[in-house]
There are 2 protein chains.
Amino acid sequence: MTLTAAAPAGVAVRRGPGRPRDTDLDPQIIAAVLDLIDAEEEVTVSRVVERGGVSRAALYRRWPSLTTLIAAALDVGRTVPPELPLDGDLRETLFTALIGSPTSIDASGYSEARFRQRIRLVMADRALQRAYWESHVSRRRGPVERALRAGVDRGILRHDLDVEAAFDAIAGAAYYQSIVRGEPLESPATRSRLAAAFDITWRGMVVS
Amino acid sequence: MTLTAAAPAGVAVRRGPGRPRDTDLDPQIIAAVLDLIDAEEEVTVSRVVERGGVSRAALYRRWPSLTTLIAAALDVGRTVPPELPLDGDLRETLFTALIGSPTSIDASGYSEARFRQRIRLVMADRALQRAYWESHVSRRRGPVERALRAGVDRGILRHDLDVEAAFDAIAGAAYYQSIVRGEPLESPATRSRLAAAFDITWRGMVVS
């Protein structure tokens with residue numbers, strides 16, 4: 001993967017206040033981590049330093065821990081999706097945001113190989129898993145969760161809807177395809193199963 | 001984990017016809033694989049042979065490939081759940097079978113550590129993932145899928161219900177907790193989120 005010139009979102013906030021600006025090193029370090037991840041090599045500080053051509057000191061100045069660095073690297077190419085329209089056809093809005101394309105829910109900006117690597121890494125390291133959840137995945141859920149809450153306010157969705165659980169059921173069905181069934185999200189059978197799972201969840205959310 | 005004397009389900013069928021019966025070696029080989037998995041060591045034929053104290057020939061006689069052996073080892077302690085009652089309170093029956101206890105959906109007979117290892121192994125090896133799905137996970141879904149189909153026949157669930165998608169949505173929500181949120185299935189917040197996800201899915205399945 002080629003890194004674009006722009007530093008990935010979230011990099012800047014990890015730099016201490018008053019540090020000299022040397023943003024060019026950030027993409028270089030992240031690229032080194034991604035090279036290691038894609039090569040299925042263990043990511044260690046020594047390897048990042050060697051491959052990235054940076055000093056240990058430069059690395060530690062930027063990243064408080066290897067865990068936050070790996071979490072940020074896993075997030076490269078993924079962005080917090082834009083806010084969703086809060087009026088209009090809510091079902092259509094949600095379907096497009098969540099199931100609209102094979103990459104909607106999770107693989108956004110990702111190759112499948114990197115998705116599989118990401119799951120392996122987080123299952124091997126609970127601290128990384130929590131860091132990745134808190135600083136990345138949970139933030140990406142925001143627009144859909146706000147659209148769901150607006151749907152409750154508009155009287156379309158049940159007033160007692162558990163918005164987080166609704167998201168988990170829809171997204172969980174997609175993860176199930178990749179992780180348990182081992183089927184690519186773009187296969188027609190998978191697309192149709194996900195559409196059916198979305199339909200079940202939608203029916204269970206609306207005011208009847 | 002201590003292996004019981006009984007060979008795990010599925011072991012016998014992989015032995016070629018007419019072979020001498022030497023079933024004692026099966027648990028020994030499986031135990032060697034599980035030791036390696038639990039120690040987070042790569043499972044190779046050499047290591048299984050060494051740790052299991054069996055010959056390569058004995059290993060290959062029993063298991064056509066390392067993949068089927070690992071898949072069987074991952075399934076130790078897990079059994080196809082019993083058939084569910086097809087009359088009675090379907091919602092209650094399904095809830096108990098799927099969400100009733102922290103280990104209902106997936107971790108049945110498993111430590112969480114082994115669950116995490118299983119996910120890492122299948123994400124690293126698509127052939128293993130498909131073998132494990134086809135010979136193990138998909139079979140364990142049977143009783144719930146049959147109960148869902150009976151619910152359609154009884155007129156409780158929608159006549160056009162996609163039973164597989166319904167299962168995926170409920171089970172997917174549980175996988176999402178472990179794999180994406182990184183939360184233990186027994187935590188109260190997780191239990192309550194799973195109950196809410198089940199409720200949404202149930203409402204979406206029933207004839208309205």
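Stretching the chain fully between B:Arg130 and B:Ala195 yields a gain of 20.5 nm (0.36 nm per residue, less the alpha carbon separation). In terms of its C-alpha gyration tensor, the range A:90-205 comes out oblate, because a/c is 1.5 or above while a/b does not outweigh b/c. Model label points for A:Thr79 and B:Ala113, set 7 angstrom from Cα along the Cα-to-Cβ axis, are 4.3 nm apart.
Once backbone amide H atoms are built at 1.01 Å from N, A:Asp162 has no partners under 5 Å, excluding neighbours fewer than 5 places away on the same chain. What separates the B:Ser192 label point from its copies, with the point 7 Å along Cα to Cβ, is 4.0 nm, written shortest first.
Using heavy atoms of the protein chains and a probe of 1.4 Å, the accessible area assigned to B:Glu92 is about 100 Å².
In the range A:52-94, a dipole from Cβ-located charges (positive for Lys and Arg, negative for Asp and Glu) runs towards its positive end, and of A:Thr79, A:Pro64, A:Thr93 it is A:Pro64 whose Cα lies farthest in that direction.
Inter-copy label distances at B:Glu42, shortest first and taken from points set 7 Å along Cα to Cβ: 1.2 nm. Computed about the Cα centre, the dipole magnitude for the range A:98-208 is approximately 200 debye when only Lys and Arg (+1) and Asp and Glu (-1) carry charge, each at its Cβ. Taking all protein chains as shown and a probe of 1.4 angstrom, A:Glu83 keeps an accessible surface of around 110 Å². Using R0 = 56 Å, the C-beta based FRET efficiency linking A:Val45 and B:Asp24 works out to 0.75. Measuring nothing but how far apart in sequence close Cα pairs (under 8 Å, 6+ apart) lie, relative to its length, the range B:41-142 scores a relative contact order of 31 percent.
Relative to the current alpha-carbon distance between B:Glu145 and B:Ser65, full extension at 0.36 nm per residue lengthens the span by 25.8 nm. For the peptide B:81-93, the mean number of other protein chain Cβ atoms found within 10 angstrom of a residue's Cβ is 0. Counting only Cβ charges, +1 for Lys and Arg and -1 for Asp and Glu, the dipole size of the range A:24-181 around its Cα centre is about 280 debye. Counting Lys and Arg as +1 and Asp and Glu as -1 over every other residue whose Cβ lies under 11 Å from the Cβ of A:Trp133, the net charge comes to +4. Using heavy atoms of the protein chains and a probe of 1.4 Å, the accessible area assigned to A:Leu161 is about 20 Å². For B:Arg130, the distances from its label point to the matching points in the remaining copies are 3.8 nm, ordered from shortest, with each point set 7 Å beyond Cα toward Cβ.
The values are calculated or read from the model by the stated rules, or taken from the named source; none is laboratory data. What you see is a predicted model, and the numbers here were worked out from it, not measured in a lab. Cβ coordinates were reconstructed from backbone atoms using ideal geometry, including for glycine residues, and neighbour counts include every protein chain displayed. The protein model used for the area step is the full one, side chains on, heavy atoms only, and it has no ligands, DNA or RNA in it. Shrake-Rupley method; radii C 1.70, N 1.55, O 1.52, S 1.80 Å.
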